[in-house]
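Okay, here's the structure, questions in a sec.
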Amino acid sequence: MDIVESVLNLAVQNPAEEDFSAADLTWTKFGTAERHDEVALIPYDRVDAFIIGECSSPECPTRFHIERGRKRARGTLKDYKTDEYLEYKLYWCSFGPENYGEGGGVLPSRKYRLNTRNRAARPQSMRGCTCHFVVKRLYARPSLALITYNERRHVNKSGFVCHGPLDRDAIGPGAKKIPYICNEIQQQTMSMIYLGIPEENVLEKHIEGIQRYCGSNAKVDSLASQYVHKLGMIIKRSTHELDLDDQASIRMWVERNKKSIFFYQDSSESDAFILGIQTEWQLQQMIRFGHRSLIAADSTFGIKRLKYPLCTLLVFDSRQHALPVAWIITRSSAKPDVAKWMKALLGRASSVEPGWKISGFLIDDAAAEIDPIRDIFGCPVLFSLWRVRRSWLRNIVKRCGNIEVQREIFKRLGEIVYSIWGGVNTLSALEELTHDFVDQTAFIHYFKASWVPKIEMWLSTMRALPLASQEASGAIEAYHVKLKAKLFDDSHLGALQRVDWLVHKLTTELHSSYWLDRYADESDSFQNVKEEYIASTSWHRALQIPNSSVTVDDKDHLFAKVSSQKDSNVTRIVWNPGSEFAFCDCAWSLQGNLCKHVIKVNMICENREGYKPSMSFQAFKELLTILWKKPMDDSVGLDLSTAWAHQMLDQIKQLVELDSSKNIGTVVNNMPLKWVSKKGRTSIGIPSSILALSSSCKSGSKNAVARKKSQKRKRMSRLR
């Protein structure tokens with residue numbers, strides 16, 4: 001085929017059919033020998049007929065959407081080529097190319113995928129199709145359109161047919177006719193299958209979802225049944241072992257799931273293995289709940305049982321439950337490696353929401369690197385006590401048989417932690433503890449081996465950083481318990497040393513569980529799932545206990561009693577009330593968890609005299625005391641301290657008002673009204689210094705122009 005270098009040499013084609021496709025046109029190579037495309041010239045008013053014909057292909061039925069478009073007005077170009085455009089539109093097949101599984105890529109004009117836009121009436125609309133073409137309305141001849149077909153085949157980057165009847169991965173025999181299934185319905189169906197819900201219940205909810213779009217229809221129900229059954233078979237037959245070698249299997253998984261990876265570094269002699277996983281839904285939740293809020297880390301999970309420890313980043317959702325938004329699998333805690341994946345995570349969030357920023361980062365490990373958090377996220381770092389408390393309580397119950405000894409040891413350890421503000425000698429307190437409980441050899445041996453060498457590091461971290469609240473600690477612990485139940489099931493003990501198994505469990509069962517929890521809560525559906533989700537933290541369970549069920553010993557402050565709501569004959573005793581290290585005799589607490597009885601008793605005690613404030617409040621008070629200390633003299637430093645204190649006080653008032661208000665409208669109405677002149681409305685949010693500078697520049701330039709005009713008039717008058 002000869003190469004044509006000018007549009008003037010192309011013949012205008014106008015097929016007689018009402019709708020026509022690329023097969024009805026003669027395509028010509030246009031351009032140069034080094035770079036050329038296949039083009040066809042048609043009347044501009046037949047473009048819609050061409051698009052309809054392309055969508056009606058029996059081999060690959062689809063829809064095309066405008067991915068990118070540009071326009072220019074007539075008369076804007078003085079010199080132009082024969083193929084310059086008046087209107088430019090890039091049409092892309094609605095089945096792609098956002099399926100990384102077979103080599104697809106993100107659409108060129110987008111940095112991320114919008115979940116709210118479902119571009120094709122197919123259950124798997126993101127299939128990686130690379131078919132696209134460009135329509136140019138010619139500048140020199142507006143009645144004609146130049147069609148440039150960049151890829152005519154409906155294939156992905158691997159060259160495989162990716163949708164339509166010829167697609168071997170199509171679900172069900174009627175895949176091309178299947179009713180509209182948006183991402184929400186598909187994710188709901190997959191989540192229910194992953195969680196082991198019976199197929200009959202899955203199908204019922206699935207049909208309810210698609211009937212919102214196409215109504216009740218016997219054929220639709222039949223096709224939906226095939227879809228659910230086939231999807232269930234695919235999920236049940238899927239395996240985490242893509243290769244017998246675990247490292248090779250992970251490489252294959254990463255290649256197939258690039259859109260769920262925010263950082264990957266393969267292990268080598270110089271580099272540690274790092275895999276950062278974040279699905280698109282998790283990215284959305286991190287941006288939504290993490291902006292101007294907190295991110296917490298459940299670090300070093302499975303350090304003894306898994307091949308590589310797991311670190312989970314959590315945000316607190318609308319109910320202040322911990323929601324996993326990223327998983328990092330690595331053994332390295334070195335500062336350069338931590339900085340790598342943190343920069344990648346922040347970069348991914350910033351590419352979606354440029355102004356995204358967090359207000360604080362919660363850590364639970366005293367050995368964690370703090371500098372990368374402060375340098376990259378630019379926020380304060382807080383410390384959560386939940387890991388220390390859980391570890392001590394579990395080992396006390398495990399290694400000490402007498403419950404009176406258990407609660408006394410736990411109380412003494414709590415006093416050591418509380419002493420970080422009292423100037424107590426830690427070594428002396430530890431020696432006294434080991435001397436008083438010398439007969440508890442199993443626990444003392446464990447404590448000396450595991451905690452005494454590093455307890456000063458933990459206490460200094462608690463002393464240096466603000467401490468997180470019991471609500472936050474309870475939410476993180478609730479996630480940790482759920483993660484442990486999902487991963488350390490007896491049926492999976494043989495696979496714990498494989499990374500591909502861990503990745504598979506996280507991205508299927510655990511991800512589906514949290515997705516369904518959030519969906520049930522926001523859509524007010526799946527009432528049993530919603531109720532379990534709301535009651536999944538000890539803090540929310542404690543809120544359901546009435547104050548009348550709690551009896552406090554106000555005389556000696558030794559214990560408190562909590563009556564059971566289910567059985568009036570059952571009463572739980574909480575020793576050392578008002579402390580984070582309170583000891584309850586319920587089964588949940590004896591497993592090392594922060595139970596609802598301890599939280600409820602502490603809620604009651606914080607408003608009574610004679611009880612210590614919580615450690616988080618004590619740390620907050622210490623911070624305010626440091627800020628309150630004025631300079632030695634009545635200097636500018638005092639003014640600066642006063643300004644900072646007032647700024648922080650205003651922010652705290654706004655946060656408390658927003659958090660305690662049940663109607664956001666009342667908060668908005670109480671905000672001060674700011675009137676902006678029409679001329680300055682476009683400058684809202686621009687620093688005043690820049691505005692002043694720009695206005696002065698404009699006034700200066702106007703004065704200069706006026707001066708030149710006056711000088712010109714003077715010269716003209718002299719010539720006359």
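The values are calculated or read from the model by the stated rules, or taken from the named source; none is laboratory data. The model shown is predicted, which means the values in this text are computed figures rather than measured ones. Heads up, the Cβs are rebuilt from the backbone with ideal geometry, glycines too, and the neighbour counts pull from every protein chain shown. All accessible areas refer to the heavy atoms of the entire protein, side chains included, with ligands and DNA or RNA removed. Shrake-Rupley method; radii C 1.70, N 1.55, O 1.52, S 1.80 Å.
Take F273 and tell me if it is farther than 26 Å from L382 by Cβ, among the aromatic types (F, W, Y), open to solvent by less than 20 Å² (accessible area, probe 1.4 Å) and in contact (Cβ under 8 Å) with a residue 40 or more places away in the chain.
yes
Additional query: So which residues in segment 542-562 are under 32 Å from the mean Cα position of the chain (by Cα) and closer than 19 Å to G578 by Cβ, if there are any at all?
Residues satisfying the conditions are A542, L543.
Now, a different point. Any idea which of (1) in a helix (DSSP H, G or I); (2) touching a strand residue (DSSP E or B) at 6+ places or on another chain (Cβ under 9 Å); (3) surrounded by fewer than 18 Cβ atoms within 10 Å (Cβ to Cβ) is the one S333 doesn't satisfy?
Of everything listed in (1) in a helix (DSSP H, G or I); (2) touching a strand residue (DSSP E or B) at 6+ places or on another chain (Cβ under 9 Å); (3) surrounded by fewer than 18 Cβ atoms within 10 Å (Cβ to Cβ), S333 misses just condition (1).
Let me ask something additional. For segment 30-51, name all the residues that are closer than 16 Å to I147 by Cβ and either over 47 Å from the mean Cα position of the chain (by Cα) or open to solvent by less than 60 Å² (accessible area, probe 1.4 Å) (or both).
Within segment 30-51, F30, G31, V39, A40, L41, I42, P43, R46, V47, A49, F50, I51 meet the criteria.
Kindly establish whether R331 is modelled with pLDDT under 95 and under 15 Å from the mean Cα position of the chain (by Cα).
no
Out of all the residues in segment 445-489, which are farther than 19 Å from D517 by Cα, under 30 Å from the mean Cα position of the chain (by Cα), exposed (fewer than 14 other Cβ atoms within 10 Å of the Cβ) and not aliphatic (A, V, I, L, M)?
Of everything in segment 445-489, those that are farther than 19 Å from D517 by Cα, under 30 Å from the mean Cα position of the chain (by Cα), exposed (fewer than 14 other Cβ atoms within 10 Å of the Cβ) and not aliphatic (A, V, I, L, M) turn out to be F488, D489.
Taking the residues in segment 1-14 that are in a helix (DSSP H, G or I) and in contact (Cβ under 8 Å) with a residue 60 or more places away in the chain as candidates, determine which candidate is nearest to A145 (Cα to Cα).
V7
Among the candidates L345, L314, single out the residue that is assigned to a helix (DSSP H, G or I), among the aliphatic types (A, V, I, L, M) and open to solvent by less than 10 Å² (accessible area, probe 1.4 Å).
From the options L345, L314, the qualifying one is L345.
Specify which of the listed residues (N547, N576) is in contact (Cβ under 8 Å) with a residue 24 or more places away in the chain and buried (at least 19 other Cβ atoms within 10 Å of the Cβ).
N576
To keep it simple, each residue is scored yes or no on (1) touching a Leu at 6+ places or on another chain (Cβ under 8 Å); (2) within 25 Å of R389 (Cβ to Cβ); (3) not in a helix (DSSP H, G or I).
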site	(1), (2), (3)
I476	yes, yes, no
V481	no, yes, no
K484	no, yes, no
Q497	yes, no, yes
W501	no, no, no
R572	no, yes, yes
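So which residues in segment 298-311 are under 14 Å from R387 (Cα atoms) and open to solvent by less than 10 Å² (accessible area, probe 1.4 Å), if there are any at all?
Within segment 298-311, D298, F301 meet the criteria.
What number goes with the only condition from (1) in contact with a Ser or Thr (Cβ under 6 Å, 6 or more places away or on another chain); (2) within 19 Å of G302 (Cα to Cα) that V338 does not pass?
(1)
For the condition touching a strand residue (DSSP E or B) at 6+ places or on another chain (Cβ under 9 Å) and without any contact (Cβ under 8 Å) to a residue 60 or more places away in the chain, what is the one hit in S299, S260, S267?
The match here is S267.
Just give me the residues in segment 394-427 being modelled with pLDDT under 90 and either open to solvent by less than 70 Å² (accessible area, probe 1.4 Å) or among the hydrophobic types (A, V, I, L, M, F, W, C) (or both), in sequence order.
Y418, S419, I420, W421, G422, V424, T426, L427
Still on this structure, please answer the following. Among the residues in segment 15-33, are any without any contact (Cβ under 8 Å) to a residue 12 or more places away in the chain, among the charged types (D, E, K, R) and farther than 14 Å from R137 by Cα?
No, segment 15-33 contains no residue that is without any contact (Cβ under 8 Å) to a residue 12 or more places away in the chain, among the charged types (D, E, K, R) and farther than 14 Å from R137 by Cα.
Only one of these is in contact (Cβ under 8 Å) with a residue 24 or more places away in the chain and more than 16 Å from the chain's Cα centre (by Cα): L314, L382. Name it.
That would be L382, the only listed residue that is in contact (Cβ under 8 Å) with a residue 24 or more places away in the chain and more than 16 Å from the chain's Cα centre (by Cα).
Same structure again: Looking at (1) assigned to a loop (DSSP other than H, G, I, E, B); (2) within 24 Å of the chain's Cα centre (by Cα); (3) surrounded by fewer than 13 Cβ atoms within 10 Å (Cβ to Cβ); (4) not acidic (D, E), which is the one condition that is false for Q565?
Exception for Q565: condition (2).
Of (1) closer than 20 Å to S143 by Cα; (2) open to solvent by less than 20 Å² (accessible area, probe 1.4 Å); (3) touching a residue at least 40 places away in the same chain (Cβ under 8 Å), C60 satisfies all except one. Which?
(1)
Between a first residue in segment 146-158 that is under 8 Å from C131 (Cα atoms) and in contact (Cβ under 8 Å) with a residue 12 or more places away in the chain and a second residue that is of a type outside the set (A, V, I, L, M, F, W, C) and open to solvent by less than 10 Å² (accessible area, probe 1.4 Å), which pairs have beta carbons less than 7 Å apart while being 6 or more apart in sequence or on different chains?
From segment 146-158, the pairs are H154/H163; H154/G164.
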